[in-house]
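Have a look at the structure below before the remarks.
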Amino acid sequence: MSTSVQNAPGSGTAAAPGAPVGELVFALIIVSIGVVGFVAGAGIQTPPSASDIGPRAFPFAVSALLVVVGAGLVLQVLRGHRGAADEGEDVDLEAKTDWLTVGKLSGFVLLHAFLIVPLGWPVAAALLFFGAAWSLGARPWWRNLMTAIILALVLQFVFGGLLGVSLPPGFLEGFGVFGG
Amino acid sequence: MSSVDNFFLLMEGFATAMQPMYLLYALGGVLVGTAVGVLPGIGPAMTVALLMPITYSLEPTAAIIVFAGIYYGGMYGGSTTSILLNTPGESSSIVTALEGNKMAKAGRGAAALATAAVGSFVAGTIATVLLSFVAPYVAAFAVQIGPVEYVALMVVAFLTVGALLGSSVLRGLASLGLGLFIALVGFDALTAQQRYTFGSPFLADGIDVVLVAVALFAVGEALYVGSRLRHGPIKIIPVTGGWTSWLRKEDLRRSWKPWLRGTAIGFPVGTIPAGGADVATFLSYASERKLAKGENKKQFGKGAIEGVAGPEAANNAAAAGVLVPLLTLGIPTTATAAMMLVAFQRYQIPVGPQLFESNSTLVWALIASLYVGNLMLLVLNLPLVGIWVKILQIPRPYLYSGILVFAVLGAFSVNFTPIDVIILLIVGILGFFMRRYGYPIAPMVVGLILGPIFESQLRRSLAISQGDPVALVQSPVAATIYVVLVVIFALSMLLKRRQRQFEAMVVANADAPDVVRGSATAPETAAAPVTSAPDTREDTDR
């Protein structure tokens, strides 16, 4: 077992591959959420009869927290202190971020959201599994497809049929065991 | 309330938990919990979040028993993975993973698994006994405190979870702030004004906690792992020998003291919000290393059984300790505890100091089911290790695709609208970037869940004091709590620095080439394999 040294466990900041632009943008987004919180918070109506501090104070406090912490993070990143990316058994910290896979996975989840109603849950879920497995590099395609179909049917049966969760059955409409 | 009363209440709890139906639910819970604990990328917090929308049809007691089983099962499963999987795991478990992993490589994997399982059982049982005795007294104290003290306790929870759980204080606080912010979206509970809804009817009801949790845990994790998936075969260290002969006399002699010490360290650390099980396992590991003598001491970093026994016990004892503030005060200090709190809310069980009085049957059934679940785990875990290894070998593309499918299932089941799946994706992408840039997830979930309770208590406090913020620190109890907070902070910072140096030292030592084989003898490896390595795909069970 070789443990990489530059990602020493527990170290607060460590070198991550790639330029810090993304990290900087993320910190700036935190600041801007705080700013939006202030602007939109000013629009919150306060009933005149309110006997306590009203509905605005806490949103303002949270927005202030985000602005201050976000600004601190921007400074930290600019000074070269980077966040240590999350570790995990299946994570290869040496690998560069594979944006294409992230895009594909997100795309299939989005597609799934649009297909649930017209095609029914089992078909939409099978497509999601099939697409995600393919994006993550599983081959051959027919095994992925078989697994996807079986998984979707089993889930529809267990949750739609047995536990009574109202998943739209799609083409399985009328088969009682899959929930109607 | 006397302890005799509590004893009778506990016995009633057993009477509930021992009903065949509930035993079955507990069994299901511990099995699912162990399975997800074994699988990388899925934890008990994610599982409880995923199961919540799809277990609506269960009655509250059954659901809570299932979740309790998952909570304990996840701990057992996690140790199996860190011992048998040949990749560096999370930093939180790195020291234990190191010793267990080295033991497995030296052909002593069976002993490592056994000492972890029995140690978890011993620690879990003792800690659950402590929980049954301590919790009613804390609860009796808790019902007397007012909103001001409650605010103080939640400030402690926020700051310790936010600043101490992750590796970077600012990132933890940013994560906390994001959670608090999302919790604000929707109607204000006190004045019914819309906040941050931007005129959208979908946001008027607020963003569902379960939806956000599933998105952060499941979708964020799947996207993040997908972006950096470790390719190639899954290397699992084979375990040899029948499981009945796993813990030898010598191993037992070296393990029992670390188990007890680990329990003694883990339970108190779990009850205070000082970084959770991480700190407990580290403290236990460091003390075992210090206490070891002679030949045993040399094995540290190369597969010392004490280094598995102590921290695993501490880990489980801390898990029981976490339940003390959760059940008595309604304050979660870990992500899993936060999800348990959501489960209570879902079933309209009021959490907070009144829980022990208003729902004593349920609470005692939950505690009794922890005893039962612990015993089930001990009995099942070792014989079923072959199954757990099978689960570990699930091809990763299928594992993470499956996680995505379960996530969309859970999200859709919240309100049965596809819009929730789109919100799931958006929050999931946020979770992806948080993981990538080193922002911890747990503070966000805790902020999301405690935020609304905190705000209402804060406003109640200030209404009583007519807007004077000084009142928040004037009560002696609240002032004491804030002082304790400062002490916890100072200690934790010190401890973290030590931990960092210590881990760097351990890792450096462990990479040294010489492997001390302990008392293991190499020929044992030739025995019939209980579990198959990826290259030898035979499934002879013992």
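Could you identify the single residue in A:Ser32, A:Ser63, A:Ser106 that is at pLDDT 95 or above, of a type in the set (Ser, Thr, Tyr) and within 25 Å of B:His231 (Cβ to Cβ)?
When all the criteria are applied, what remains is A:Ser106.
Among the residues of the range B:402-448, which ones are of a type in the set (A, V, I, L, M), at the interface with chain A (Cβ under 7 Å from one of its Cβ atoms) and over 25 Å from the mean Cα position of the chain (by Cα)?
B:Val421, B:Ile422
Based on this model, can you work out whether B:Leu131 counts as at negative phi and within 12 Å of chain A (Cβ to nearest Cβ)?
On the way: at negative phi: yes; within 12 Å of chain A (Cβ to nearest Cβ): no.
Taking the combined requirement at face value, the residue does not satisfy it.
Go through (1) facing chain A (nearest Cβ under 10 Å); (2) part of a loop (DSSP other than H, G, I, E, B); (3) modelled with pLDDT under 85; (4) open to solvent by less than 20 Å² (accessible area, probe 1.4 Å) for B:Thr531 and report which single condition fails.
With respect to (1) facing chain A (nearest Cβ under 10 Å); (2) part of a loop (DSSP other than H, G, I, E, B); (3) modelled with pLDDT under 85; (4) open to solvent by less than 20 Å² (accessible area, probe 1.4 Å), B:Thr531 is out only on (1).
Quickly run through the range B:408-420 and pick out the residues that are touching a residue at least 24 places away in the same chain (Cβ under 8 Å) and either surrounded by fewer than 20 Cβ atoms within 10 Å (Cβ to Cβ) or of a type in the set (Lys, Arg) (or both). Walk me through it before giving the result.
Within the range B:408-420, the subset touching a residue at least 24 places away in the same chain (Cβ under 8 Å) is B:409-411, B:413-415, B:419-420.
Scanning the range B:408-420 gives B:Asn415, B:Ile419.
What about B:Gly321, is it buried (at least 21 other Cβ atoms within 10 Å of the Cβ), at pLDDT 90 or above and within 30 Å of B:Leu211 (Cα to Cα)? Don't jump to the end; show me each part of the working.
On the way: buried (at least 21 other Cβ atoms within 10 Å of the Cβ): yes; at pLDDT 90 or above: yes; within 30 Å of B:Leu211 (Cα to Cα): yes.
Spelling it out, B:Gly321 is indeed buried (at least 21 other Cβ atoms within 10 Å of the Cβ), at pLDDT 90 or above and within 30 Å of B:Leu211 (Cα to Cα).
So how many residues does the range B:244-279 have that are closer than 21 Å to B:Val134 by Cβ, open to solvent by less than 50 Å² (accessible area, probe 1.4 Å) and at pLDDT 85 or above?
9
The rows are residues; the columns are (1) open to solvent by 30 Å² or more (accessible area, probe 1.4 Å); (2) part of a helix (DSSP H, G or I); (3) at pLDDT 95 or above; (4) more than 7 Å from chain B (Cβ to nearest Cβ).
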position	(1), (2), (3), (4)
A:Leu111	yes, yes, yes, yes
A:Pro118	yes, yes, no, yes
A:Ala126	no, yes, yes, yes
A:Ala132	no, yes, yes, no
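Somewhere in the range A:47-59, is a residue under 22 Å from the mean Cα position of the chain (by Cα) and either open to solvent by less than 20 Å² (accessible area, probe 1.4 Å) or touching a residue at least 40 places away in the same chain (Cβ under 8 Å) (or both)?
no
So that you can scan it fast, the table gives a plain yes or no per residue for (1) away from chain A (no Cβ under 13 Å); (2) touching a residue at least 12 places away in the same chain (Cβ under 8 Å); (3) over 30 Å from B:Ile403 (Cβ atoms); (4) surrounded by fewer than 24 Cβ atoms within 10 Å (Cβ to Cβ):
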{"position": "B:Thr115", "(1), (2), (3), (4)": "yes, yes, yes, no"}
{"position": "B:Ala123", "(1), (2), (3), (4)": "yes, yes, no, no"}
{"position": "B:Ile126", "(1), (2), (3), (4)": "yes, yes, yes, yes"}
{"position": "B:Tyr150", "(1), (2), (3), (4)": "yes, yes, yes, no"}
{"position": "B:Met154", "(1), (2), (3), (4)": "no, yes, yes, yes"}
{"position": "B:Arg171", "(1), (2), (3), (4)": "no, yes, no, no"}
{"position": "B:Leu178", "(1), (2), (3), (4)": "no, yes, no, no"}
{"position": "B:Phe187", "(1), (2), (3), (4)": "no, yes, yes, yes"}
{"position": "B:Val212", "(1), (2), (3), (4)": "yes, yes, no, no"}
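Taking helices (runs of 4 or more DSSP H) that fall entirely within the range B:355-456, which contain at least 2 residues that are of a type in the set (Gly, Ala, Ser)?
Once the helices (runs of 4 or more DSSP H) in the range B:355-456 are filtered for at least 2 residues that are of a type in the set (Gly, Ala, Ser), what remains is B:360-381, B:396-415, B:418-436.
Hey, any hits in the range B:190-199 for a residue that's among the small types (Gly, Ala, Ser), surrounded by fewer than 23 Cβ atoms within 10 Å (Cβ to Cβ), over 23 Å from the mean Cα position of the chain (by Cα) and at the interface with chain A (Cβ under 9 Å from one of its Cβ atoms)?
Taking every residue of the range B:190-199 in turn, at least one turns out to be among the small types (Gly, Ala, Ser), surrounded by fewer than 23 Cβ atoms within 10 Å (Cβ to Cβ), over 23 Å from the mean Cα position of the chain (by Cα) and at the interface with chain A (Cβ under 9 Å from one of its Cβ atoms).
Can you give me the number of residues within the range A:63-98 that are more than 7 Å from every other protein chain (Cβ to nearest Cβ), of a type outside the set (A, V, I, L, M) and either in contact (Cβ under 8 Å) with a residue 60 or more places away in the chain or surrounded by fewer than 18 Cβ atoms within 10 Å (Cβ to Cβ) (or both)?
Here the count works out to 6.
From the list B:Val66, B:Val48, which one is touching a residue at least 40 places away in the same chain (Cβ under 8 Å), β-branched (Val, Ile, Thr) and open to solvent by 10 Å² or more (accessible area, probe 1.4 Å)?
B:Val66
Could you list all residues from the range B:27-44 that are away from chain A (no Cβ under 14 Å) and either among the β-branched types (Val, Ile, Thr) or within 14 Å of the chain's Cα centre (by Cα) (or both)?
Residues satisfying the conditions are B:Val30, B:Gly33, B:Thr34, B:Pro44.
What's the number of the condition B:Val405 fails, among (1) hydrophobic (A, V, I, L, M, F, W, C); (2) more than 30 Å from B:Val118 (Cα to Cα); (3) free of Cβ contacts under 8 Å to residues at least 12 places away in the same chain; (4) open to solvent by 10 Å² or more (accessible area, probe 1.4 Å)?
(4)
The values are calculated or read from the model by the stated rules, or taken from the named source; none is laboratory data. Since this is a predicted model, take the numbers as computed values, not measurements. Cβ atoms come from the backbone with ideal geometry, glycine included; neighbour counts cover every protein chain shown. Just so you know, the surface numbers come from the protein's heavy atoms only, side chains and all, with ligands and any DNA or RNA stripped out. Shrake-Rupley method; radii C 1.70, N 1.55, O 1.52, S 1.80 Å.
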